[in-house]
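Trainee: Before we start, here is the structure in question, set down as structure tokens.
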Amino acid sequence: MWHLLGDIGGTNLRLAAMDAAGALGPRVDGAMGQEGALLEACTRLTEKMGCPPTSVTLALAGVVEEDRVRFTNLSQTISREAVAKACGTPEAAVTFLNDFEAAAWSLAEVTRDGIIFLQGGPQPGPRVIIGPGTGLGVGALVPGDPRPRALPGEGGHVRLTPHSAEAVGWFEALIALWPEVRMGETLAVEAEAILSGTGMPHWYRAIATSRGEAAPLSDAEAVFDAARVGKDANALRAVASFARYLGGFAGDLGLAFGARGGVFVTGGVAQANDWIFDDDFRDAFNAGGRHGDWRRAMPLGLCRDPDFGLAGARNWRRAHMD
């Protein structure tokens, strides 16, 4: 008997087999660029194991709608029927989780292994996880009996607004470049428009455009790399403001959920650029007005485990074995 687990993002897919004791075994990793990549990977892992899985639990970066998922940052849809067919297992044995519902489940076990605490340390209580990657995911895990409960949502699409007079021009340029992310008739934009790998090139270009300067960098990796070595002044502005906005966003969500168990940042962009989590990031997290003391009391951690989604899918499956 074995169980198939998956963490399926907008860029990468990770599948792993779990045995009855909860240990992870053979796996298949790949990219999500091609239509059908997920189904092919499911078939490959099933063939590798030599028999169909007892259950399939997939964490997917999109909106779960009963028997299917629409990927937020991919023009793809996947159904439980198609996954069941690829794995040779009954459709009733296939469970779809929002990717940050699974990410929240990864917080069911929090230790100092794999987590760099920027303040505080492991504590009981509600926990929030935030993941800037291809998009911006948010989830929370709250204590419960007999098991905790994950609260997925679309927190990556709440609003960000200018924090300075200079930033007004940046937001105006961002809205002109990418009008779909504007919220209402204001200067507010979806948080994901800035705090994600997809958003960063737009944000960098908007800053340069508002200043009447060239924007030669074309992707998020190049922007972060240029900022790290001080090669491009607008990359420095984009990344410094990214860190401040992310810190404030994380602190706001921690306060909203009463996250006495901690706020944890993860995701591909965060893990690849841990150098941005400095005093400015922590100061933005703790800037809470009359509730600054509460924010400073919340543990704040950077999750370095690239398999946090698989860990969450495993924790969910183990908790629901019955």
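The values are calculated or read from the model by the stated rules, or taken from the named source; none is laboratory data. Every value quoted in this text rests on a predicted model; they were computed, and no experiment measured them. Note: ideal-geometry Cβ built from the backbone for every residue, glycine included; neighbour counts use all protein chains shown. Only protein heavy atoms, including side chains, enter the accessible area calculation; ligands, DNA and RNA are left aside. Shrake-Rupley method; radii C 1.70, N 1.55, O 1.52, S 1.80 Å.
Trainee: Considering only the range 222-232, I want to know if a residue exists there that is open to solvent by 40 Å² or more (accessible area, probe 1.4 Å) and touching a Gly at 6+ places or on another chain (Cβ under 8 Å).
Mentor: No: the range 222-232 contains no residue that is open to solvent by 40 Å² or more (accessible area, probe 1.4 Å) and touching a Gly at 6+ places or on another chain (Cβ under 8 Å).
Trainee: Go over the candidates 100, 96 one by one and state the one that is open to solvent by less than 50 Å² (accessible area, probe 1.4 Å), under 18 Å from residue 315 (Cβ atoms) and part of a helix (DSSP H, G or I).
Mentor: Only one candidate qualifies: 100.
Trainee: Looking at the range 233-272, which of the residues that are among the polar types (S, T, N, Q), touching a helix residue (DSSP H, G or I) at 6+ places or on another chain (Cβ under 8 Å) and part of a helix (DSSP H, G or I) is surrounded by the most Cβ atoms within 10 Å (Cβ to Cβ)?
Mentor: If we take residues in the range 233-272 being among the polar types (S, T, N, Q), touching a helix residue (DSSP H, G or I) at 6+ places or on another chain (Cβ under 8 Å) and part of a helix (DSSP H, G or I), then 234 is surrounded by the most Cβ atoms within 10 Å (Cβ to Cβ).
Trainee: Going residue by residue through the range 49-68, is there one that turns out to be over 12 Å from residue 83 (Cβ atoms) and part of a helix (DSSP H, G or I)?
Mentor: yes
Trainee: Limited to the range 5-18, what total is found for residues that are at pLDDT below 95 and within 12 Å of residue 53 (Cα to Cα)?
Mentor: Going through the range 5-18 one residue at a time, the tally reaches 0.
Trainee: Could you list all residues from the range 110-141 that are among the β-branched types (Val, Ile, Thr) and either in a strand (DSSP E or B) or touching an Asp or Glu at 6+ places or on another chain (Cβ under 8 Å) (or both)?
Mentor: Listed by number, the residues that qualify are 115, 116, 128, 129, 130, 138.
Trainee: Next question. Identify the residue in the range 155-185 that is touching a residue at least 24 places away in the same chain (Cβ under 8 Å) and outside any helix (DSSP H, G or I) and, among all such residues, is nearest to residue 103 (Cα to Cα).
Mentor: 158
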